[in-house]
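Chemist: Before I ask anything, let me first share the structure, which is written out below as structure tokens.
The values are calculated or read from the model by the stated rules, or taken from the named source; none is laboratory data. Model, not experiment: these values are computed from the prediction. Cβ coordinates were reconstructed from backbone atoms using ideal geometry, including for glycine residues, and neighbour counts include every protein chain displayed.
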Amino acid sequence: MPRSASAVGTSSLKWVTSFDPSEKERALRAEATSWDTSNPADATEGDIPIVDVGDYFATGSPDALAEAAHALNRASEDVGFHQLIGHGVSATRIADTFAEVRRFHALPLETKQQINIDNPDWPISGAGYLPIGERRLPRRAKGNLNEAFLIKSDRDIAMEDNQWLPDEVIPGFRAAIELFAREVSDLALRLLPVYAVALDLDPDFFAPAFKDPFWRLRMTHYPPDLERDDDEFGIAPHVDTTFFTLLLQDSPGLTIFSAARGEWINVPLLPDAFVVNSGELLRQWSNDRFLSTRHFANNNNSGQARYSIPLFFNATGDYPMTCLPSCTDENNPPKYPTISYLESQGVVQGE
């Protein structure tokens with residue numbers, strides 16, 4: 001049976017029969033402001049587990065799947081983060097995508113503002129350019145010291161529905177980002193059997209839930225040498241609301257809370273590896289078995305910019321996530337109500 005997660009430093013918020021997304025947002029914000037993020041330490045060997053899916057992806061064998069799932073289980077129950085290798089996204093594709101993201105953020109501000117995320121004339125919300133100092137994603141009292149370009153996809157949102165600059169403004173950018181988005185969202189789908197087996201489920205258990213997954217790709221730029229107060233961050237402390245998040249970073253800057261060490265630790269850069277963490281929705285779906293670990297990000301590189309590319313991955317927006325059968329029994333009843341991603345975000349179907 002799964003262990004209790006009550007003592008490992010995750011959010012202690014629980015909803016048994018109802019869910020109020022606004023109240024959860026307020027509670028998470030209040031909780032985040034209580035975290036002492038000063039004086040993080042460097043990670044040591046073993047603090048951030050490595051999960052290698054290369055053998056499983058190459059062979060598809062049950063033994064390779066079981067081995068990858070075992071490593072994922074330990075990482076997800078004990079840490080909430082891991083470094084993913086053997087994922088099949090080439091080093092060339094990663095390097096090319098970072099180059100495209102740098103090209104975008106090198107454009108003049110007035111050009112990027114043409115596709116501002118709050119464009120009142122664009123029918124799709126939450127996609128476009130997010131300027132420096134925004135107090136969203138995550139929502140905090142002080143602005144996040146980064147700028148970002150975001151695209152998203154679900155059953156009703158295709159690539160052409162996102163905001164894009166004309167190709168003559170930044171030739172080849174859209175094609176390169178769409179190609180990368182397809183590869184990484186396909187990777188996320190290929191990982192689902194590993195998550196299922198790690199949770200003592202059949203390998204194809206999650207397939208119906210992710211028939212049309214909702215995902216958001218964020219291409220983030222942390223400018224160099226911005227003055228920052230102690231309560232200001234590149235990305236403020238938070239927990240993700242996702243099923244899981246796949247992150248690429250071109251330099252260190254991510255800091256997570258290590259429950260085992262009882263302190264914040266800096267995640268090292270492992271070239272071409274994805275840093276992966278489970279989010280609140282997977283934590284609730286697994287009845288607190290998999291962790292949702294607090295984290296934040298800064299640019300700690302004097303004189304140099306930092307870039308990161310996270311994919312926030314979720315089930316189909318309206319899929320009802322009922323407590324996983326392997327994560328509950330008569331002695332461990334469900335702690336959370338059945339909920340969809342859209343409901344968790346305060347979206348009512350039909351609006």
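Chemist: Can you name the number of the only condition in (1) part of a helix (DSSP H, G or I); (2) under 27 Å from R182 (Cβ atoms); (3) touching a Pro at 6+ places or on another chain (Cβ under 9 Å) that L342 fails?
Modeler: All conditions are met except number (3).
Chemist: Which ones in segment 197-219 are of a type outside the set (D, E), out of contact with any helix residue (DSSP H, G or I) (no Cβ under 9 Å at 6 or more places or on another chain) and under 22 Å from I339 (Cα atoms)?
Modeler: Quick first cut of segment 197-219, residues of a type outside the set (D, E) only: 197-199, 201, 203, 205-211, 213-219.
Checking which are out of contact with any helix residue (DSSP H, G or I) (no Cβ under 9 Å at 6 or more places or on another chain) leaves us with 208, 211, 216, 218.
Those that are of a type outside the set (D, E), out of contact with any helix residue (DSSP H, G or I) (no Cβ under 9 Å at 6 or more places or on another chain) and under 22 Å from I339 (Cα atoms): P208, K211, R216.
Chemist: For a quick check of your reading: which strands (runs of 3 or more DSSP E) sit entirely within segment 33-135 and have at least 1 residues that are polar (S, T, N, Q), in contact (Cβ under 8 Å) with a residue 12 or more places away in the chain and surrounded by 15 or more Cβ atoms within 10 Å (Cβ to Cβ)?
Modeler: 81-85
Chemist: Here is a follow-up. Mind listing whichever residues of segment 217-249 are outside any loop (DSSP other than H, G, I, E, B) and modelled with pLDDT of 95 or more?
Modeler: Step one: list which residues in segment 217-249 are outside any loop (DSSP other than H, G, I, E, B), which gives 217-222, 235-238, 244-249.
Result: L217, R218, M219, T220, H221, Y222, F244, T245, L246, L247, L248, Q249.
Chemist: For the list (1) without any contact (Cβ under 8 Å) to a residue 60 or more places away in the chain; (2) in contact with a His (Cβ under 8 Å, 6 or more places away or on another chain), I need the number of the one condition that A207 fails.
Modeler: (2)
Chemist: I've got another one for you. Exactly one condition in (1) aliphatic (A, V, I, L, M); (2) in contact with a strand residue (DSSP E or B) (Cβ under 9 Å, 6 or more places away or on another chain); (3) farther than 26 Å from D154 by Cα is false for M321; which is it?
Modeler: All conditions are met except number (3).
Chemist: Mind listing whichever residues of segment 274-301 are of a type in the set (F, W, Y) and in a loop (DSSP other than H, G, I, E, B)?
Modeler: Correct list: F290 only.
Chemist: Of all the residues that make up segment 320-334, how many are surrounded by fewer than 18 Cβ atoms within 10 Å (Cβ to Cβ) and part of a loop (DSSP other than H, G, I, E, B)?
Modeler: 6
Chemist: Any residue that is closer than 21 Å to S153 by Cβ, aromatic (F, W, Y) and in a strand (DSSP E or B) - is there at least one of those in segment 250-273?
Modeler: No: segment 250-273 contains no residue that is closer than 21 Å to S153 by Cβ, aromatic (F, W, Y) and in a strand (DSSP E or B).
Chemist: Looking only at segment 223-270, which residues are aromatic (F, W, Y) and either closer than 22 Å to Q304 by Cβ or under 17 Å from the mean Cα position of the chain (by Cα) (or both)?
Modeler: F233, F243, F244, F257
Chemist: Being farther than 27 Å from G317 by Cβ and of a type in the set (S, T, N, Q), is that true of even one residue in segment 141-159?
Modeler: Within segment 141-159, none of the residues are farther than 27 Å from G317 by Cβ and of a type in the set (S, T, N, Q).
Chemist: Residue check: is L145 outside any loop (DSSP other than H, G, I, E, B), hydrophobic (A, V, I, L, M, F, W, C) and in contact (Cβ under 8 Å) with a residue 12 or more places away in the chain?
Modeler: For L145, the condition - outside any loop (DSSP other than H, G, I, E, B), hydrophobic (A, V, I, L, M, F, W, C) and in contact (Cβ under 8 Å) with a residue 12 or more places away in the chain - is not met.
Chemist: Now for a different question. Could we say that Q304 is within 30 Å of T92 (Cβ to Cβ) and outside any strand (DSSP E or B) here? Outline the logic, then answer.
Modeler: Numbers: within 30 Å of T92 (Cβ to Cβ): yes; outside any strand (DSSP E or B): yes.
Yes; evaluated as a whole, the condition is true for this residue.
Chemist: Would you say A148 is over 18 Å from E100 (Cβ atoms) and surrounded by 17 or more Cβ atoms within 10 Å (Cβ to Cβ)?
Modeler: No.
Chemist: Taking segment 310-351, which residues are in contact with a Phe, Trp or Tyr (Cβ under 7 Å, 6 or more places away or on another chain) and among the aliphatic types (A, V, I, L, M)?
Modeler: Within segment 310-351, L311, A315, M321, L324, I339 meet the criteria.
Chemist: Within segment 307-319, does at least one residue satisfy the condition of being in a loop (DSSP other than H, G, I, E, B), more than 17 Å from F244 (Cα to Cα), among the hydrophobic types (A, V, I, L, M, F, W, C) and in contact with a Leu (Cβ under 9 Å, 6 or more places away or on another chain)?
Modeler: no
Chemist: Same structure again: In segment 250-267, which residues are aliphatic (A, V, I, L, M) and either crowded, with 23+ Cβ neighbours inside 10 Å or modelled with pLDDT of 95 or more (or both)?
Modeler: L254, I256, I265, V267
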